[in-house]
Amino acid sequence: MVVLNNTKTALVELVNVCKEYRVEGVVTMALKDVNFKVYEKDLVAIMGPSGSGKTTLLNMLGLLDRPTSGKIIFDSQDISKLSDKELANLRNTKLGFVFQTFNLINRLTVFENVELPLIPKGLSRNVRAKMVEEALIKVGGGTEWLKKRPNQLSGGQQQRVAIARAIVGRPAVILADEPTGNLDRMSAKIVITTLLELNKEGHTVIIVTHDPEVANCTQKIYVIRDGTIVGEYRPNPDESLIKKLS
Ligand SMILES: Nc1ncnc2c1ncn2[C@@H]1O[C@H](COP(=O)(O)OP(=O)(O)OP(=O)(O)O)[C@@H](O)[C@H]1O
Ligand SMILES: [Mg+2]
């Protein structure tokens, strides 16, 4: 007899995750018993007040840090069983990060910034060059940007370069922490449109945002407060940044 298993398996799952920070004897419980599942090709937003644990949660989902207690399952693997080196390797191959302040290196060219994640992969120079160009074109960037320094581009353009760097290694998941926080509305719209297109192409996209109009561009909104997920909402596309600026 064939038993069909219709249960979808999560790509990343947090099980009873707690995260505490200890600084000079002061303990902050940043995440309290969080259960969270992200599925392949999901497009989700995480919202919540400042200090509620959004970045900590994203760092857990992005395997940038280990929980104080609880479990993280990534691609069916319990990550507590992995060494730091194996974890770094998993991060480099499966995950791409985008930050509010772009985090580009101004003494490198745009090309060199986008190329960075490919360096440890042992690819030839030609293959790397092709992947960098493809990534930049995918985010709507011009190849004339390649020789420029990031600070010679606008904020919106820099964020697109940062997204190109995040996707150049073709990660399964893109994690973006306030990707539009430093941008004007029009640039924010372009950046969000880029993330939505990447999601349509099959990337799982997780966006932390303060902006309800950005959150309304996704498929599901989670709200976190004081380290606890307090709600799960269906976005309203009529109130989305894309709709408002169309
Ligand atoms: N490295 C750290 N060391 C000590 N405490 C930390 C550290 N990182 C975060 N915290 C604390 O943990 C809590 C959650 O912080 P987190 O950065 O996850 O919040 P956030 O929701 O991302 O806030 P914001 O919207 O301001 O970015 C806060 O009380 C913060 O002060
Ligand atoms: Mg934060």
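The values are calculated or read from the model by the stated rules, or taken from the named source; none is laboratory data. Remember, predicted model here, so these are calculated numbers, not experimental data. Methodologically, a virtual Cβ is constructed for each residue, glycine included, from the backbone with ideal geometry; neighbour enumeration extends over all protein chains shown.
Please go through the range 183-194 and pick out each residue that is surrounded by fewer than 21 Cβ atoms within 10 Å (Cβ to Cβ) and more than 17 Å from GLN219 (Cβ to Cβ).
Selection gives ASP184, ARG185, MET186, SER187, ILE190.
Residue by residue through the range 37-64, note down the ones that are more than 12 Å from VAL208 (Cα to Cα) and within 16 Å of ligand 2 (Cβ to nearest atom).
Answer for the range 37-64, where residues must be more than 12 Å from VAL208 (Cα to Cα) and within 16 Å of ligand 2 (Cβ to nearest atom): GLY51, MET60, GLY62, LEU64.
What pairs can you find where one residue is in the range 80-107 and within 16 Å of ligand 1 (Cβ to nearest atom), the other is among the aliphatic types (A, V, I, L, M), and their Cβ atoms are less than 6 Å apart, with a gap of 6+ or different chains?
PHE97/ALA166; PHE97/LEU175; VAL98/ALA162; VAL98/ILE163; VAL98/ALA166; VAL98/ALA176; PHE102/ALA162
For VAL214, are the conditions met, namely being farther than 23 Å from ILE167 by Cα and either at pLDDT 95 or above or of a type in the set (Val, Ile, Thr) (or both)?
For VAL214, the condition - farther than 23 Å from ILE167 by Cα and either at pLDDT 95 or above or of a type in the set (Val, Ile, Thr) (or both) - is not met.
Restricting to the range 203-229, what's the tally of residues that are touching a Phe, Trp or Tyr at 6+ places or on another chain (Cβ under 8 Å) and hydroxyl-bearing (Ser, Thr, Tyr)?
Of the residues in that region, 2 qualify.
Only one of TYR222, TYR233 is free of Cβ contacts under 8 Å to residues at least 24 places away in the same chain and either crowded, with 22+ Cβ neighbours inside 10 Å or closer than 30 Å to MET29 by Cα (or both). Can you tell me which?
TYR233
Given the criterion over 28 Å from VAL44 (Cα atoms), away from ligand 1 (no atom under 16 Å from the Cβ) and either of a type in the set (Val, Ile, Thr) or assigned to a loop (DSSP other than H, G, I, E, B) (or both), identify the matching residue among LYS130, LYS148.
Just one listed residue meets the conditions, LYS148.
Quick one: what pairs do we get from the range 127-155, first residue on the phi > 0 side of the Ramachandran plot, second among the aliphatic types (A, V, I, L, M), C-beta under 9 Å, 6+ apart or different chains?
GLY140/ILE190
Would the range 233-246 turn up any residue that is assigned to a loop (DSSP other than H, G, I, E, B) and more than 25 Å from LYS37 (Cα to Cα)?
Within the range 233-246 (the criterion being assigned to a loop (DSSP other than H, G, I, E, B) and more than 25 Å from LYS37 (Cα to Cα)), the answer is yes, since at least one residue qualifies.
Taking VAL98 as the residue in question, decide whether it is assigned to a strand (DSSP E or B), among the aliphatic types (A, V, I, L, M) and surrounded by 19 or more Cβ atoms within 10 Å (Cβ to Cβ).
yes
Given the options GLU178, GLU201, GLU197, GLU213, name the one that is on the phi > 0 side of the Ramachandran plot and either buried (at least 18 other Cβ atoms within 10 Å of the Cβ) or under 18 Å from the mean Cα position of the chain (by Cα) (or both).
Unique residue meeting the criteria: GLU178.
Of the numbered conditions (1) away from ligand 1 (no atom under 16 Å from the Cβ); (2) in a loop (DSSP other than H, G, I, E, B), ILE192 satisfies every one except a single condition; which is it?
All conditions pass for ILE192, except number (2).
On the given criteria, is ARG107 away from ligand 2 (no atom under 16 Å from the Cβ), over 30 Å from GLN157 (Cα atoms) and in a loop (DSSP other than H, G, I, E, B)?
Considered against the rule, which asks whether it is away from ligand 2 (no atom under 16 Å from the Cβ), over 30 Å from GLN157 (Cα atoms) and in a loop (DSSP other than H, G, I, E, B), ARG107 comes out as no.
Go through the range 60-95 and report how many residues are β-branched (Val, Ile, Thr) and part of a helix (DSSP H, G or I).
The total comes to 2.
For VAL139, work out the one condition from (1) among the β-branched types (Val, Ile, Thr); (2) surrounded by 14 or more Cβ atoms within 10 Å (Cβ to Cβ); (3) at pLDDT 95 or above; (4) in contact with a helix residue (DSSP H, G or I) (Cβ under 8 Å, 6 or more places away or on another chain) it doesn't fulfil.
(3)
Mind counting the residues in the range 48-60 that are more than 6 Å from ligand 1 (Cβ to nearest atom), buried (at least 22 other Cβ atoms within 10 Å of the Cβ) and under 10 Å from ARG225 (Cβ atoms)?
Within the range 48-60, residues that are more than 6 Å from ligand 1 (Cβ to nearest atom), buried (at least 22 other Cβ atoms within 10 Å of the Cβ) and under 10 Å from ARG225 (Cβ atoms) number 0.
Looking only at the range 180-213, count how many residues are among the basic types (Lys, Arg) and farther than 22 Å from TYR233 by Cα.
Adding up the residues that qualify gives 1.
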